[in-house]
1. Which residue is nearest to B:D56 (Cα to Cα), if the candidates are limited to the range A:126-180 and must be touching a helix residue (DSSP H, G or I) at 6+ places or on another chain (Cβ under 6 Å) and among the basic types (K, R)?
2. Pull out all pairs, ordered by first then second residue, where Cβ-Cβ is under 8 Å, the residues are six or more apart or on different chains, the first lies in the range B:100-111 and is closer than 11 Å to B:F164 by Cα, and the second is modelled with pLDDT of 95 or more and of a type in the set (G, A, S).
3. Among the numbered criteria (1) more than 11 Å from chain B (Cβ to nearest Cβ); (2) in contact (Cβ under 8 Å) with a residue 24 or more places away in the chain; (3) under 19 Å from B:A201 (Cα atoms), which one does A:L166 miss?
4. Is one or more of the residues making up the range B:136-157 more than 9 Å from chain A (Cβ to nearest Cβ) and under 16 Å from the mean Cα position of the chain (by Cα)?
5. Between B:L174, B:L166, which is under 22 Å from A:V137 (Cα atoms) and within 23 Å of the chain's Cα centre (by Cα)?
6. Identify all residues within the range B:184-208 that are in contact with a strand residue (DSSP E or B) (Cβ under 7 Å, 6 or more places away or on another chain), aliphatic (A, V, I, L, M) and facing chain A (nearest Cβ under 7 Å); write none if there are none.
7. Take the range A:84-100 and flag every residue that is part of a helix (DSSP H, G or I), within 16 Å of A:G173 (Cβ to Cβ) and out of contact with any Phe, Trp or Tyr (no Cβ under 8 Å at 6 or more places or on another chain).
Number of protein chains: 2
Amino acid sequence: MSDEQPQHSSNYGPPPVGCYMSAFSALFPSTFPSDMDPNIVACFRLADQDESGFIDDKGLQRALSSDNQSFSMRTVHMLIYLFTNSDIRKIGPKEFTSLFYSLQSLRAIFEKFDRGRTGKIGANELSEALLSQGIAVPPTVFELLVTKFDKTLGPIKSVDYENFILCCLVVKGLTEKFKEYDNMHTGSGRAAFTYGEFMFAVLPFLIT
Amino acid sequence: MSDEQPQHSSNYGPPPVGCYMSAFSALFPSTFPSDMDPNIVACFRLADQDESGFIDDKGLQRALSSDNQSFSMRTVHMLIYLFTNSDIRKIGPKEFTSLFYSLQSLRAIFEKFDRGRTGKIGANELSEALLSQGIAVPPTVFELLVTKFDKTLGPIKSVDYENFILCCLVVKGLTEKFKEYDNMHTGSGRAAFTYGEFMFAVLPFLIT
């Protein structure tokens with residue numbers, strides 16, 4: 001992981017940007033532990049407009065948006081699925097907290113490598129960003145990643161913030177799945193799957 | 001595979017619908033064999049507006065569209081990638097022919113199960129449609145597929161034509177990859193991958 005601390009004053013989209021500390025902290029959902037970062041609780045409550053204890057996809061999309069960044073509904077659905085392992089398209093406090101910290105960490109990494117504050121990073125920076133998270137993919141796999149996640153259609157391969165988030169979550173998720181089945185449990189061995197295990201391991205990361 | 005023959009009079013979008021037999025057959029690109037279906041050659045030439053011998057993404061999107069069906073650019077890029085194994089975002093005659101036949105076959109299967117001509121099929125029909133292609137996924141995997149490919153957001157789970165095409169291509173592609181590494185080569189054994197093999201096997205099926 002990057003040694004850089006998450007920045008709350010970011011120019012990018014995720015939760016802290018538009019969130020504030022509510023004056024009604026006594027009304028925080030009981031599912032948050034008492035030592036929870038009040039920014040997260042406030043952000044959750046702001047998005048949980050019907051006070052159901054869950055945020056739906058539209059609420060999460062709003063919570064993840066700022067003036068200069070918004071996530072597509074496709075990305076929002078992918079995030080909800082990856083953090084809830086369910087298709088209910090709602091997210092509760094616990095999973096929201098994981099998502100919040102994950103995005104905060106990824107945003108800090110992105111900002112570190114987006115040196116010119118262009119809102120996108122080049123292929124070399126993407127490689128460094130993955131390495132900083134302990135992910136070293138073979139060169140052919142990396143080329144494939146850049147091809148898949150470069151939506152800028154510019155002359156130089158690059159990845160914008162939203163696709164950087166998706167890329168990291170997909171690669172990390174698939175890497176963890178591989179290690180789960182790897183006979184060395186480190187990523188350096190061979191992972192053996194039955195057909196059902198293989199399909200169930202990879203499909204959540206492939207389709208949004 | 002389904003025993004139903006492809007229907008050229010379809011209400012759905014892929015190539016044959018908007019294509020016609022050109023009067024200038026002598027000018028067909030030399031890369032098509034002489035016994036090629038003239039519909040395919042005409043369709044290719046129609047979309048190859050700059051006569052470069054390749055169709056770009058926008059040309060392919062037009063070629064795959066009809067009055068009541070169009071594929072998103074996301075799907076078009078996925079199709080090009082799956083049939084060319086490259087990121088050049090162009091498709092030549094040979095790969096276009098494979099794509100044409102594949103879509104023709106999948107359209108016939110979709111029409112067979114879209115009995116009410118609603119433009120979408122239910123979960124049971126999707127299961128039957130996959131089985132008709134020799135694909136039997138475990139129930140948990142099937143539930144995941146329906147969750148991921150149901151973009152209709154209706155009260156009853158269903159999959160529209162475009163997502164049916166994506167679903168079939170992704171599931172067939174992953175199944176073939178599994179069998180390639182399966183020690184039984186049938187899908188009934190265990191497939192062992194190194195990390196690089198695993199990532200390179202599954203990432204092409206990532207829909208971005």
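The values are calculated or read from the model by the stated rules, or taken from the named source; none is laboratory data. Source: prediction; values computed, not measured. Note that each Cβ is placed from the backbone with ideal geometry, even for glycine, and that neighbours are counted across all protein chains shown.
1. A:K151
2. So the pair list comes out as B:I109/B:A129; B:I109/B:S132; B:F110/B:A129.
3. It fails just one condition, (1).
4. So far as the range B:136-157 goes, no, none of its residues is more than 9 Å from chain A (Cβ to nearest Cβ) and under 16 Å from the mean Cα position of the chain (by Cα).
5. Selected residue: B:L174, the only one of B:L174, B:L166 that is under 22 Å from A:V137 (Cα atoms) and within 23 Å of the chain's Cα centre (by Cα).
6. Listed by number, the residues that qualify are B:A191, B:A192.
7. Across the range A:84-100, the qualifying residue is only A:T84.
For (1) part of a loop (DSSP other than H, G, I, E, B); (2) modelled with pLDDT under 95; (3) surrounded by fewer than 20 Cβ atoms within 10 Å (Cβ to Cβ), each residue gets a yes or a no:
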residue: A:T75; (1), (2), (3): no, yes, yes
residue: A:I109; (1), (2), (3): no, no, no
residue: A:K112; (1), (2), (3): no, no, yes
residue: A:E125; (1), (2), (3): no, no, yes
